[in-house]
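Just so you know, all these numbers are worked out from the coordinates, no wet-lab data involved. Every value quoted in this text rests on a predicted model; they were computed, and no experiment measured them. Cβ placement follows ideal geometry from the backbone for every residue including glycine, while neighbour counts extend to all protein chains displayed.
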Amino acid sequence: MSWLDPDDENDDEDKYADYEARNRPNPKGNRARTKTRPEHSDAVTGRVLTVDRGRYTVLVGEGSEEHEAIASRASELRKQAIVTGDRVDLVGDTTGVDGSLSRIVRIQPRTTVLRRSADDSDEVERIIVANADQMLIVVAAANPEPRPRLVDRYLVAAFDAGIAPILCITKTDLADPTEFLANFTGLDIRVVTSGLGATPTEEITALLSGHSTVAVGHSGVGKSTLVNALVPTANRAIGRVNTVTGRGRHTSSSTISYRVGVDGWIIDTPGVRSFGLGHVNPENILRSFADLAAIAEDCPRGCTHLPDAPDCALNERINDGGELGDAGEQRLDSFQRMLASLSSKDN
């Protein structure tokens with residue numbers, strides 16, 4: 001039996017008729033989340049010069065009034081990689097004075113992306129630099145010994161990204177690089193050489209003018225020495241090659257961009273001993289060899305274009321004494337060598 005008076009059974013409804021339920025307060029005391037993001041119409045654009053433990057050095061106002069600003073990443077970009085060479089939009093304090101901190105709110109569309117994976121079986125890519133249009137591949141003629149297959153991998157990555165390669169041979173005072181360069185005779189690649197006391201800074205500066213060039217190379221090949229010659233204020237650390245193992249020591253631990261001349265940029269990257277290509281599509285390599293791609297149109301579907309590929313039009317042209325010529329045969333050899341570098345990831 002109810003303790004309420006039967007005549008007052010609607011008393012509770014009347015009592016709370018005008019009561020408005022209160023929303024539970026936000027325990028963090030901040031505003032509710034929304035998917036609507038500000039447009040940041042007042043953002044300024046800059047070039048990412050280097051990345052260091054979640055802080056980005058960004059060049060703002062390229063030209064007569066340029067300066068460097070330190071920035072953090074906006075929360076909405078936490079799942080996106082921001083790398084050296086990126087063009088980004090900043091808000092907040094972009095003055096660059098000590099203690100100032102701006103915020104990166106947008107990454108502008110990239111023209112190119114240079115990537116590598118941990119190894120050939122790993123399809124998880126790591127972006128090294130963005131918006132580079134040239135790759136300076138630095139190789140020592142000796143100490144450490146040049147590695148043609150590593151250069152092949154650099155070329156694969158460059159062709160895959162749509163970046164023009166340049167080959168720079170250092171330490172030519174220690175050995176003649178002619179035999180090594182014969183591996184790439186069939187390729188249309190600009191080659192510059194450098195020796196002790198004979199660094200072709202003017203020639204390389206001219207090649208870098210008007211371009212954003214990423215420098216890559218095996219540890220100990222003299223890449224940082226070359227960067228210091230091109231940019232005396234860079235002060236990149238220089239290491240020595242181990243006399244027992246013949247391997248170079250990792251001295252550059254960060255990727256950083258320097259201006260060369262008036263309008264050129266060189267992006268120095270840490271030296272590596274391997275360069276994974278798990279992310280590369282072999283078809284991108286063929287497109288970089290237009291003359292061979294035209295012949296390959298007669299290949300069967302799924303042709304690997306390797307020397308043992310059945311009914312491969314490229315191999316048949318060579319075997320039948322076709323009109324590839326010496327340079328064409330050398331280009332085919334280089335092309336097939338690059339494909340062989342990729343084939344291991346499927347084994």
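Quick check on the exposure proxy: order L167, L174 from fewest to most C-beta atoms within 10 angstrom.
Least crowded to most crowded, the residues run L174, L167.
For the stretch 44-107, build the convex hull from the C-alpha positions and give me its volume per residue in Å³.
Measuring per residue, one finds 75 Å³ for the Cα hull of the stretch 44-107.
Ranked highest first by average number of other Cβ atoms within 10 Å, how do 181-188, 130-137 line up?
Per-residue Cβ counts within 10 Å, averaged per peptide and sorted highest first, yield 130-137, 181-188.
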